[in-house]
Amino acid sequence: MTVSVLYTRNHRLLSLVAIVDVFETVNQFMKEDGRPAAFGIQLVGLEPDMVLPESLENVRYVPLAEASADGGIIVIPAFRDHEMEKNIQANLPFIPWVLENYGKQCKVTSCCTGSFLLGATGLLNGREATTHMEACDAFARNFPDVRLVPHAIVTSSQNVYTSGGATSTFHLLIHLIQETCGREYAVRLAKNFAIDMDRSNQLYFEKFVPELSREDELVRQVQQVINARYRDLKNVEEALEEIPSSRRNIVRRFKTATGMTPIRYLQKTKIESAKQLLETTNKDILEVMISSGYQDLKNFRELFKNFTGLTPKGYRDKYAMGLQA
């Protein structure tokens, strides 16, 4: 089976190398078992010639104009930064090739923020998808017709696959190996790369660092009020009352600019504050709740778990191991 890894412009090298390494490792397993290699790996790029980095120099490079996916697997690696509109524009020539080969029964997959290029093909419209946690808001803003599932590690629908951030790539590739080579090789691969196959949530990896709107001054004003006063705000109406516009207009413009409602922005800001306190202080849960702007412990616990997939205690146990009481 041909595995075509897109040598996208501005790709994250670590992502690309990890993809190649996984398929090469399975081929090595096959060799050890006296079987022929399962995958023929090629890098497909936009340039007619390419000098590959040392970590990839043993992999065949094929210019897009000459490439055939042969009904195999197409893999889009993560991008190096989060300037996604620029990254999509730089890689537009891949889109018709991906669509053509998907029509020939290829599996099309994206790793981490590679989902943005896959989203630009339209193949994710009406389907569930995931991406890097810190890119979810931008993804929702750019692709409103996609059913984004922020917590998901892997999504799969009719030969279209996405993975969450960073090491979630391995979960996607293990999933593909199980489909193509069987459970035995999937488990063997997971053990080789020390991957816990039962991970089902990536929410707790997110660090919410909102970018102030540059296009909409009204939205920027709302963000600045929330950022400065989130501990004291009992609800979002208190933030909006300072803004010279109707609530309906503010909410519409805010969601267009940020990919979320003002209420969700306020909640995420408060929960991020709580996460930082749990990571870096010995404050008890009640103190953390009050310091991050909540008054009701039950509500705080429910919201915290909704946003992170963990209880406040569970989050502290995971990320504050070095703290001493």
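Farthest toward the positive end of the dipole of region 125-283, out of I195, L176, L278, is the Cα of L278, where the dipole comes from beta carbon charges about the Cα centre. Cβ crowding within 10 Å ranks S292, S4, S246 as S246, S292, S4, fewest other Cβ atoms first.
Computed from phi, the 3J(HN,Hα) profile of region 308-319 under the Karplus parametrisation 6.51, -1.76, 1.60 (θ = phi - 60°) reads 10, x, 10, 6, x, 5, x, 5, 4, 4, 6, 10 Hz, with x in place of Gly and Pro. Result for the chain in a Gaussian network model with C-alpha springs under 10 Å: among G309, G126, G165, the largest mean-square fluctuation is at G126. Axis angle, to the nearest 10 degrees, between helix 247-258 and the longest C-alpha principal axis of the chain: 30 degrees.
Taken about its Cα centre, the chain carries a charge dipole of roughly 900 debye when the Cβ of each Lys and Arg holds +1 and the Cβ of each Asp and Glu holds -1. Placing +1 on the Cβ of every Lys and Arg and -1 on the Cβ of every Asp and Glu, with nothing else charged, gives region 217-319 a dipole about its Cα centre of roughly 400 debye. Centre-to-centre, using Cα atoms only, region 274-321 and region 125-143 are separated by 26 Å. The value of relative contact order for region 2-205, using C-alpha pairs under 8 Å at least six residues apart, is 18 percent. A P(r) calculated from all alpha carbon pairs of region 2-205, with 5 Å bins opening at zero, reads 1, 8, 17, 21, 22, 16, 10, 4, 1, 0 percent.
Note on region 217-319: Kirkwood hydrodynamic radius from all Cα pairs is 14.2 Å, rounded to one decimal. Close amide H pairs (under 5 Å, H built 1.01 Å from N) link Y61 with L43, residues at least 5 positions away or on another chain. Bridgeable lysines around K275 (alpha carbons under 21 Å apart, same-chain partners fewer than 8 residues away excluded): K207, K234, K283, K298, K305, K313, K318. GNM remark for the chain: springs join alpha carbons under 10 Å apart, and the peak mean-square fluctuation among C106, C136, C181 falls on C181.
Using +1 at the C-beta of Lys and Arg and -1 at the C-beta of Asp and Glu, which of Q105, G293, V251 has the Cα lying farthest in the positive direction of the dipole of the chain? Towards the positive end, the residue furthest out is G293. This model, with +1 at the C-beta of Lys and Arg and -1 at the C-beta of Asp and Glu, gives region 91-186 a dipole about its Cα centre of some 120 debye.
Values quoted throughout were computed directly from the atomic coordinates according to the rules given, and no laboratory measurement underlies them. Values in this document were obtained by computation on a predicted structure and should not be read as measured data. Positions of Cβ are backbone-derived with ideal geometry, glycine not excepted, and every protein chain shown enters the neighbour counts.
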